[in-house]
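Structure first, then comments.
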Amino acid sequence: MARRDPDWDGVRLHVVTGKGGTGKTTVAAGLALALAGDGSRVLLVEVEGRQGIAQLFDVPPLPYEERKVAVGPGGGEVYALAVDAEAALLEYLDMFYRLGRAGRGLRRLGAIDFATTIAPGMRDVLLTGKLYEAVRRKPGRGRRYDTVVLDAPPTGRIGRFLGVNAEVVGLARVGPIRSQAQSIMKLLESPQTAVHVVSLLEEMPVQETCDAVAELSRAGLAVGAVVVNTVREPLLRARELTAVRKGLVDRGEVAAGLKAAGVRSGEAVVDALLAEAAEHAERVALEKTQRKTLAALGRPMYQLPLLPDGIDLGALYLLAERLCQQGAA
Amino acid sequence: MSGRAPALAVDPMLRDPATRIVVCCGSGGVGKTTTAAALALRAAEQGRQVVVLTIDPARRLAASMGLVELDNTPREVAGVDEAAGGRLDAMMLDMKRTFDEVVLAHASPERARAILANPFYQSLSSSFSGTQEYMAMEKLGQLRAEDRWDLIVVDTPPSRSALDFLDAPARLGSFLDGRFIRVLLGGARGGGRAYLKVLGAGFAAMTGALTKILGAQVLKDMRTFVVALDTMFGGFRERADATYQLLKTSGTAFLVVAAPERDALREAAYFVERLAAEQMPLAGLVLNRVHVSGAGSLSAERALAGAETLDEADDHPLTADLLRLHADRMRLVKREQRLLARFTAAHPRVAVADVPAQPGDVHDLHGLRVVGAALAEPA
């Protein structure tokens, strides 16, 4: 099959969010690998201090430093960075104000603590600022990347996280912080940024996905794809599902089948198999409804399979391949 | 299913009048809110006067508990069986409102107005992450102080670290004791001037730098904000400290909520260790969405072999599919057992209660009762 044009040509910053537990870190990592496929250099960033990337790629905890964690299938490279708000602030002070010594003084005063913990919005300002720096990095300022993928805060906080700079513009009427915040907003609201939302085919994640899409759109941010994670193929045929749902399965026939299969069984096993089938049918029906709701959002939709053996590096490559096949990269 | 982990005795815990607070913590997406609501309902139907504080319930679950109005006060939940003499109130945390109420209660009307109008206050109270944790603690303290209930069940905010709510009082304390704030206050508080002297010329450079970074207006707003809040912050900190101490007493039971997945259990292990380090009373682990099978003795391998036999004979296609479905289920069951066994090996004394996976989400009292009964049933 000929590969179609990727859906995100021109996008430099991919923000991956989703309800907690939907696997957004995994999807972000898979997307970074997919984008690195053709020889590009991709930076995968995490901001929540959870060291999720290091765990996924099975490398030691990441310092505040860009480290190569994987090579893309086509020779591209994936670097990873765990952004730490305090380090970002000191770096920022140093870079823009050459505050080497005064920066240390600020730390002694507790100003760094103030900035990164007590005024927690400041934290988001710093994290998005670092992200901006990575996307817009100037020649001679370090390694440059074709694309940056952010493992972002969950849907519940994504609007606040990406919108923090608008708030700063409201607070700081003049000054360098204001212009910095304006530049970040400009990048986030430009076609160079896409916010992807990871969902599962379950009620709450789908609800949160719909809420997040609405919130992001209202905030003027470009919603990218909806990624449906851990998709399970129905294990029963459509007419079997119907029979199970309607309670039309012939128990005698199942018992005879088990006998023919050489499985020692009794009424209890037949009951258990039918109960499992009924649960399966109910879940398939629920998933169908949820999928319709997601499709109605009108965004490109990528499906990633449930990998029963969990996620390791090999699994990430598999997810990257699926994302490529569906046009994500 | 729980291997050798001791069983968590849920009903004795809920019935014990000495249990005054139950805190459900855990990473996002593991069913914390549902667990909190199910425990609260079960305790109420066993005769206790319960209030459940939820942070961010799913819409339909919230509606089923009558949480339609965001008025930041507990409301009685309709449809609870009160035969045993108990009752259930529920509320959803509104962090901005909680913050506003603290300001209004602890500052003079004039000062309160100044604070509420300050741009720093407005963003701190409504949109900056972290405030939710402070306010959850504040609300918990308030509910406890009201003394209208003999059991408070709390859901915790979905923060990057679900233990942020534990850290909130200490962070607030270190901020208040911080020298930065005294510098901002410019000697208005004792010690400020001394610092200025010590810092000398360095201080001039510092304020210069601050102004340069933040802009003069921001510094002015921030200073006004800090000065205005100064008088009431102390009280806030005292209450947060008191709540923190309360959480450490034996009347509190922490439940770490998880799902039988690698990441969720890793986070759960982290919570368990952190709670132990803080000397917080851990009651046990609630494992949601555990898969079970009524035909556990029929292994995945045997079921698949049977399905193949039927395929080869080109007979009984439905039974072959049912066997494959069962094999799939058994693999999941075994995988979850392995994950839990690993957790239990590292934390052998943590009691476990598990809740079988439901095909659909829980969104009514009936569903909560089913979850509550499963929690109470010995594993």
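The values are calculated or read from the model by the stated rules, or taken from the named source; none is laboratory data. As the structure is a prediction and not an experimental result, all values here were calculated from the model. Counting neighbours? That spans all protein chains shown, and the Cβs are built from the backbone with ideal geometry, glycine included. Areas reflect the complete protein model, heavy atoms only, side chains present, ligands, DNA and RNA absent. Shrake-Rupley method; radii C 1.70, N 1.55, O 1.52, S 1.80 Å.
Considering only residues that are within 14 Å of chain A (Cβ to nearest Cβ) and either more than 20 Å from B:Arg266 (Cα to Cα) or not in a helix (DSSP H, G or I) (or both), which ones fall in segment B:339-368?
B:Pro356, B:Ala357, B:Gln358, B:Pro359, B:Gly360, B:Asp361, B:Val362, B:His363, B:Asp364, B:Gly367
Rundown of residues vs (1) within 14 Å of chain A (Cβ to nearest Cβ); (2) surrounded by fewer than 24 Cβ atoms within 10 Å (Cβ to Cβ); (3) not in a strand (DSSP E or B), yes/no style:
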residue: B:Pro17; (1), (2), (3): no, yes, yes
residue: B:Cys24; (1), (2), (3): no, no, no
residue: B:Arg42; (1), (2), (3): no, no, yes
residue: B:Val50; (1), (2), (3): no, no, no
residue: B:Asp56; (1), (2), (3): yes, yes, yes
residue: B:Ala62; (1), (2), (3): yes, yes, yes
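Considering segment A:246-302, the residues that are within 27 Å of B:Val290 (Cα to Cα) and in a loop (DSSP other than H, G, I, E, B) include one that is modelled with the lowest pLDDT, namely A:Ser265.
If the condition is being in a helix (DSSP H, G or I), away from every other protein chain (no Cβ under 11 Å) and open to solvent by 50 Å² or more (accessible area, probe 1.4 Å), then segment A:140-186 contributes A:Gln182, A:Lys186.
For every residue, the table says whether it meets (1) touching a Ser or Thr at 6+ places or on another chain (Cβ under 6 Å); (2) open to solvent by less than 50 Å² (accessible area, probe 1.4 Å).
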| residue | (1), (2) |
| --- | --- |
| A:Leu201 | no, yes |
| A:Ala212 | yes, yes |
| A:Ala225 | no, yes |
| A:Arg239 | no, no |
| A:Lys246 | no, no |
| A:Arg251 | no, no |
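Would you check if there is a residue in segment B:271-293 being open to solvent by less than 10 Å² (accessible area, probe 1.4 Å), within 14 Å of another protein chain (Cβ to nearest Cβ) and closer than 30 Å to A:Ala261 by Cβ? Yes, there is a match, as at least one residue in segment B:271-293 is open to solvent by less than 10 Å² (accessible area, probe 1.4 Å), within 14 Å of another protein chain (Cβ to nearest Cβ) and closer than 30 Å to A:Ala261 by Cβ.
Checked against the criterion of being in contact with a Phe, Trp or Tyr (Cβ under 7 Å, 6 or more places away or on another chain) and either away from chain B (no Cβ under 11 Å) or not hydroxyl-bearing (Ser, Thr, Tyr) (or both), the candidates A:Val206, A:Val223, A:Val227 yield just one match: A:Val227. Apart from one condition, B:Gly360 fits all of (1) over 18 Å from the mean Cα position of the chain (by Cα); (2) crowded, with 19+ Cβ neighbours inside 10 Å; the exception is (2). Screening A:Val47, A:Val83, A:Val16 for residues that are more than 14 Å from chain B (Cβ to nearest Cβ), under 18 Å from A:Leu127 (Cβ atoms) and among the aliphatic types (A, V, I, L, M) leaves exactly one candidate, A:Val16.
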